[in-house]
Amino acid sequence: MITKEEELVLYEDIVLGRAFEDMCAQMYYRGKMFGFVHLYNGQEVVSTGLITLLKKDDSVVSTYLHHVHALSKGVPARQVMSELFGKTMGCCRG
């Protein structure tokens, strides 16, 4: 059983994941983001649920559906989005 506070934290993570992916879609369809963008829409609960069970120092290895995994693991949204735009301030330095 989880507390209301824990429930809210999980819900916020799910909403962040969906909002982030929606913004990625907008940027991609406007021609602002290049390459391929594989979206995770509708699967945010999977990321939130699984990553919540990990220890803080556990690693997450992902393939092309990684944006929401990074957010759930605590990588700031600005760094993940910057990475998708190839910026050096991205989480992997662009």
Counted residues, the range 53-73 - those being surrounded by fewer than 18 Cβ atoms within 10 Å (Cβ to Cβ) and touching a residue at least 24 places away in the same chain (Cβ under 8 Å): 2
Residue within the range 24-35 that is over 30 Å from Ile2 (Cα atoms), touching a residue at least 60 places away in the same chain (Cβ under 8 Å) and either in a loop (DSSP other than H, G, I, E, B) or not charged (D, E, K, R) (or both) present: yes
Residue check for Gly42: among the small types (Gly, Ala, Ser), under 24 Å from Leu10 (Cα atoms), surrounded by 11 or more Cβ atoms within 10 Å (Cβ to Cβ) and out of contact with any helix residue (DSSP H, G or I) (no Cβ under 6 Å at 6 or more places or on another chain): no
Near pairs, Cβ below 8 angstrom, 6+ apart or cross-chain, from the range 74-91 (within 23 Å of Leu54 (Cα to Cα) and in contact (Cβ under 8 Å) with a residue 40 or more places away in the chain) to any residue that is among the small types (Gly, Ala, Ser) and in a helix (DSSP H, G or I): Val80/Ala70
The range 18-35 - residue that is on the phi < 0 side of the Ramachandran plot and surrounded by fewer than 13 Cβ atoms within 10 Å (Cβ to Cβ) and, of those, nearest to the chain's Cα centre (by Cα): Asp22
Conditions (1) hydrophobic (A, V, I, L, M, F, W, C); (2) exposed (fewer than 14 other Cβ atoms within 10 Å of the Cβ); (3) modelled with pLDDT under 95: number failed by Cys91: (2)
Options Leu10, Leu84: the member that is of a type in the set (A, V, I, L, M, F, W, C), touching a Gly at 6+ places or on another chain (Cβ under 9 Å) and modelled with pLDDT of 95 or more: Leu10
Helices (runs of 4 or more DSSP H) wholly inside the range 36-94 containing at least 1 residues that are more than 18 Å from Cys24 (Cα to Cα), of a type in the set (S, T, N, Q) and over 9 Å from the mean Cα position of the chain (by Cα): 44-52
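The values are calculated or read from the model by the stated rules, or taken from the named source; none is laboratory data. Keep in mind that this is a model prediction, so the values were computed, not measured. Virtual Cβ from ideal backbone geometry, glycine too; neighbours counted across all protein chains shown.
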